[in-house]
Amino acid sequence: MDKEKIVLIDGHSIMSRAFYGVPELTNSEGLHTNAVYGFLNIMFKILEEEQADHVAVAFDRKEPTFRHKMFEPYKGTRKPMPEELHEQVDLMKEVLGAMEVPILTLAGYEADDILGTVAKESQAKGVEVVVVSGDRDLLQLADEHIKIRIPKTSRGGTEIKDYYPEDVKNEYHVTPTEFIDMKALMGDSSDNIPGVPSIGEKTAAAIIEAYGSIENAYAHIEEIKPPRAKKSLEENYSLAQLSKELATININCGIEFSYDDAKADNLYTPAAYQYMKRLEFKSLLSRFSDTPVESPSAEAHFQMVTDFGEAEAIFAACKAGAKIGLELVTLDHELTAMALCTGEEATYCFVPQGFMRAEYLVEKARDLCRSCERVSVLKLKPLLPFLKAESDSPLFDASVAGYLLNPLKDTYDYDDLARDYLGMTVPSRADLLGKQTIKKALESDEKKAFTCICYMGYIAFMSADRLTEELKKAEMYSLFTDIEMPLIYSLFHMEQVGIKAERERLKEYGDRLKVQIVALEQKIYEETGETFNINSPKQLGEVLFDHMKLPNGKKTKSGYSTAADVLDKLAPDYPVVQMILDYRQLTKLNSTYAEGLAVYIGPDERIHGTFNQTITATGRISSTEPNLQNIPVRMELGREIRKIFVPEDGCVFIDADYSQIELRVLAHMSGDERLIGAYRHADDIHAITASEVFHTPLDEVTPLQRRNAKAVNFGIVYGISSFGLSEGLSISRKEATEYINKYFETYPGVKEFLDRLVADAKETGYAVSMFGRRRPVPELKSTNFMQRSFGERVAMNSPIQGTAADIMKIAMIRVDRALKAKGLKSRIVLQVHDELLIETQKDEVEAVKALLVDEMKHAADLSVSLEVEANVGDSWFDAK
């Protein structure tokens, strides 16, 4: 039988390692969670590797510890713990408590002393011991049956080094006991151990390897080498003895410890499961698959309806003016199931069967949307083909409301809304069904599928009032009702229409790309003098930096970096590097567009993409399946992709684009009179800015000055730094700083405005657009300079970009409604950033062009006019 084994963890040390190794994480409450998440992953990894029976975690007490009365507190010189880590310590203890893991602390003693005492006592009882810490001090505890494991956590994962006595000897040339003396000689400022001046780690190791202890080394002081070490030890022997006392872990600290309480057979408790849900550790939830979790009381009121007469009675009871929650579960354009919640204790699930056919349920859902006061759903847009509703319907999208209240989250499913707005922990769809579709689950585990369906309707109903209340409190209710909800219908109309794509032209484009790719490949091989895989960063790095000896190679663990920013700097001086960048562009165009777009062309020869409004933190609409908003415009060959998008026969495209919308928003929101004046009196804002910044008459501004002014204009909107501007313009940091300073001297109102945005965001915790859209900026409270700087850029940019996004959304809604109101057949087929593309009947061109420009120009009332450029063409390329 294997010996029993215990894992002892140094709490603060492992939390600190996890905190600095795992990227910043927060849950929807705003709690920092990266240290807790990293700690749990390390703990689970080690328990699994060791197959340990027992586990306990030791923490330092908050009060300072004195290992020597004549000296400062042990560890007294360590930097204060960052606030983001400090707030996670108590949380970590709560989680461990929920997992029934003993937490060991003792007033007047460090975690080291507790771990040392418990480790040695456990070994004496015949138990195998594993001590886990990031602190090398604990190597002195290594023994025949005590293994020290030191994890190192980074973005690439966690590596753990193991030490038994022979491992300590191999690495440091001293035994674990001698390691104390070695540390006493070399000192450790982080632990406030003074050490002996002029003796570093190598010298300390050599002295202790030769003499075994400080005392024996002092007894042979005349033999000590080098001379400066001899002199220093002779003069500082008492300091060395004090350092040894400070470095020695107390293995008899008197901690009371019950070995039986540390059994690791019940970590996955219901209470711990609730913490995993609350902290949003989705990847850890799978560990709790066998945990018996008490069903929330709501499930007692979930009912499966199979009788047609019962269904009729339920629908009849939904009187006009009622508030309900509704969910339609669909697959391949067919109804799989429907949920209806009419009150806290009345949630019904209907699955098509017998007389209760899918068509009957869909018709009942439409009736409800016509008669009820409020119909709350999750993710309305996919339901619209069934509901046939328009924007005057009483529908309430709870997921979109959740997104507005916190646009930083990844998902807005029913379990997210339950946790964030109802204080409820409910099983998610993945918890109940795994990766199965609901249709499949209805066949394999009807009870779980039924529960999942009911939760969708129940949470949609229960969360609506609270979401409305929170939106009003955040002054975003009108943003929700006047922009986000109507936008759902406009996006739906656009998706339904789709955009025509010519397969043959796309194939020709792909063939042309392939010819150029092969030709470029051969040129690269000729220039480098060898054949290799250009797509392999490792091989490419070796060719460029080892074989061709190009300068400024940055070596990483996997080889040289060949990232775009590295190659961009080399391209002007080395033609082969420019060829490689062009090659990458061409291969991306081929895979993403020439080959990628073909799979999305439907039987109607149109692409029906998906447009999302709950993805970006700033409020911009995003495009997926396929992403039509990311078509490259800098390369001529990239722009040519737009030639494959054409109007239907008898139609043309009208492309309308806002001119410099973000700069105009900046002028309005900042109130800077000079910038406003420049827009009111000049067509070319970049030339005007160049004239002002470089003190050059307007008619003498050079193309280079205008280009630099343009970079500054747009850079200011994004909170660009002097470093960013210098990189972008290939100028010195000093010149870039001068450009930015001159800009702010020219437009002082802009500087005051941007400073005010950062100050307000620091105070409130969020940035806000002209229409009230909020973007939380937790990074502003970070103790990390890079994170804080990023937060400042977000605070400057989000109000401007968010306002521009809101204006585009309003314009889209207005254009969509105006086309219908005037009885025109022309339709919006695409929205890309600041641009709308309309498939226009040839006999409606003039009317649509006028309507488009008028509705877009008047989407917002700014102190400078919104300018719109509209062009007509026989393809998207021609119209653009």
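The values are calculated or read from the model by the stated rules, or taken from the named source; none is laboratory data. Here the structure is a predicted model, which is why all the values come from computation and not from measurement. Note that each Cβ is placed from the backbone with ideal geometry, even for glycine, and that neighbours are counted across all protein chains shown.
Of the residues making up segment 374-383, none is charged (D, E, K, R), within 22 Å of LEU279 (Cβ to Cβ) and crowded, with 16+ Cβ neighbours inside 10 Å. Can you name every residue in segment 259-287 that is assigned to a helix (DSSP H, G or I), in contact (Cβ under 8 Å) with a residue 12 or more places away in the chain and farther than 13 Å from SER428 by Cα? Result: ASP261, ALA262, PRO270, ALA271, ALA272, TYR275, LEU284, ARG287.
Among the numbered conditions (1) modelled with pLDDT of 95 or more; (2) more than 23 Å from GLN496 (Cα to Cα), the only one that LEU380 does not meet is (2). The residues of segment 429-488 that are more than 14 Å from GLU299 (Cα to Cα), among the basic types (Lys, Arg) and in contact (Cβ under 8 Å) with a residue 12 or more places away in the chain, listed by number, are ARG429, LYS439, ARG466.
Against the test of being surrounded by fewer than 22 Cβ atoms within 10 Å (Cβ to Cβ) and on the phi > 0 side of the Ramachandran plot, the options SER659, SER730 yield a single qualifying residue, SER730.
Across segment 423-467, the qualifying residues are those that are in a helix (DSSP H, G or I) and polar (S, T, N, Q), and the one among them that is nearest to LEU368 (Cα to Cα) is SER463.
Of the candidates ASN535, ASN552, the single residue that is of a type outside the set (D, E, K, R) and modelled with pLDDT of 90 or more is ASN535. Scanning segment 347-378 for residues that are touching a Gly at 6+ places or on another chain (Cβ under 8 Å) and in a loop (DSSP other than H, G, I, E, B) gives CYS372, GLU373.
Just give me the residues in segment 351-374 being of a type outside the set (Asp, Glu) and more than 21 Å from GLU334 (Cβ to Cβ), in sequence order. Before you say what the answer is, go through the steps one by one.
First pass over segment 351-374, keeping only residues of a type outside the set (Asp, Glu): 351-358, 360-362, 364-366, 368-372, 374.
Hits for segment 351-374 are ARG370, SER371, CYS372, ARG374.
A single entry from PHE355, PHE315 fulfils the requirement of being more than 39 Å from the chain's Cα centre (by Cα), exposed (fewer than 15 other Cβ atoms within 10 Å of the Cβ) and in contact (Cβ under 8 Å) with a residue 24 or more places away in the chain: PHE355. Scanning segment 1-43 for residues that are among the acidic types (Asp, Glu) and either farther than 28 Å from VAL127 by Cα or without any contact (Cβ under 8 Å) to a residue 60 or more places away in the chain (or both) yields ASP2, GLU24, GLU29.
Okay, residues lined up against (1) buried (at least 18 other Cβ atoms within 10 Å of the Cβ); (2) closer than 30 Å to TYR412 by Cα:
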{"site": "THR468", "(1), (2)": "yes, yes"}
{"site": "LEU471", "(1), (2)": "yes, yes"}
{"site": "PHE480", "(1), (2)": "yes, yes"}
{"site": "LEU506", "(1), (2)": "yes, no"}
{"site": "ARG512", "(1), (2)": "no, no"}
{"site": "SER536", "(1), (2)": "no, no"}
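Among the helices (runs of 4 or more DSSP H) contained in segment 537-647, which hold 2 or more residues that are under 25 Å from the mean Cα position of the chain (by Cα)?
Values: elements: 537-541, 564-570, 575-588, 636-639.
It comes to 564-570.
Take PHE714 and decide whether it is at pLDDT 90 or above, surrounded by fewer than 20 Cβ atoms within 10 Å (Cβ to Cβ) and out of contact with any strand residue (DSSP E or B) (no Cβ under 9 Å at 6 or more places or on another chain).
Working: at pLDDT 90 or above: no; surrounded by fewer than 20 Cβ atoms within 10 Å (Cβ to Cβ): yes; out of contact with any strand residue (DSSP E or B) (no Cβ under 9 Å at 6 or more places or on another chain): yes.
Here the answer is no, as PHE714 does not meet what is asked.
Scanning segment 219-238 for residues that are free of Cβ contacts under 8 Å to residues at least 40 places away in the same chain and surrounded by 16 or more Cβ atoms within 10 Å (Cβ to Cβ) yields ILE224, ALA229, LYS230, SER232, TYR237. Sub-7 Å Cβ pairs linking a first residue in segment 166-195 that is closer than 17 Å to SER243 by Cα and touching a residue at least 40 places away in the same chain (Cβ under 8 Å) to a second residue that is among the basic types (Lys, Arg) and surrounded by fewer than 23 Cβ atoms within 10 Å (Cβ to Cβ), at least 6 apart or interchain, are ILE180/LYS244; ASP181/LYS244; ALA184/LYS244; SER190/ARG78; ASP191/LYS75; ASN192/LYS75, ordered by first then second residue.
For segment 679-712, the set of residues classified as closer than 23 Å to GLY802 by Cα and of a type in the set (A, V, I, L, M) consists of ILE685, ALA711, VAL712, listed by residue number.
ARG664 meets each of the listed conditions (1) assigned to a loop (DSSP other than H, G, I, E, B); (2) among the charged types (D, E, K, R); (3) surrounded by 22 or more Cβ atoms within 10 Å (Cβ to Cβ) apart from (1).
Checking each residue in segment 759-799 for being more than 23 Å from GLU83 (Cβ to Cβ) and either at pLDDT below 95 or among the small types (Gly, Ala, Ser) (or both) picks out SER769, GLY772, MET796, ASN797, SER798.
Please indicate, with yes or no, whether at least one residue in segment 260-277 is within 42 Å of the chain's Cα centre (by Cα), of a type in the set (Lys, Arg), modelled with pLDDT under 90 and crowded, with 19+ Cβ neighbours inside 10 Å. First the steps, then the outcome.
Initial filter on segment 260-277 (within 42 Å of the chain's Cα centre (by Cα)): 260-277.
Of the ones still in play, those that are also of a type in the set (Lys, Arg) are 263, 277.
Next cut, modelled with pLDDT under 90 only: 277.
Narrowing further to those that are crowded, with 19+ Cβ neighbours inside 10 Å: 277.
The answer is yes; a qualifying residue exists.
What about ALA879, is it within 30 Å of ARG680 (Cα to Cα) and either small (Gly, Ala, Ser) or in contact with a Ser or Thr (Cβ under 7 Å, 6 or more places away or on another chain) (or both)? Spelling it out, ALA879 is indeed within 30 Å of ARG680 (Cα to Cα) and either small (Gly, Ala, Ser) or in contact with a Ser or Thr (Cβ under 7 Å, 6 or more places away or on another chain) (or both). Taking ALA204 as the residue in question, decide whether it is in a helix (DSSP H, G or I), modelled with pLDDT of 90 or more and aliphatic (A, V, I, L, M). Spelling it out, ALA204 is indeed in a helix (DSSP H, G or I), modelled with pLDDT of 90 or more and aliphatic (A, V, I, L, M). Residues in segment 93-116 that are within 33 Å of the chain's Cα centre (by Cα) and assigned to a strand (DSSP E or B): ILE103 only. Being over 25 Å from PHE315 (Cβ atoms), acidic (Asp, Glu), within 28 Å of the chain's Cα centre (by Cα) and assigned to a loop (DSSP other than H, G, I, E, B) holds for only one residue in ASP410, ASP420, and it is ASP410.
Identify all residues within segment 517-531 that are loosely packed, with under 11 Cβ neighbours inside 10 Å and aromatic (Phe, Trp, Tyr); write none if there are none. Those that are loosely packed, with under 11 Cβ neighbours inside 10 Å and aromatic (Phe, Trp, Tyr): none in segment 517-531.
Evaluate the following for GLU256: is it assigned to a helix (DSSP H, G or I) and among the acidic types (Asp, Glu)? Taking the combined requirement at face value, the residue does not satisfy it.
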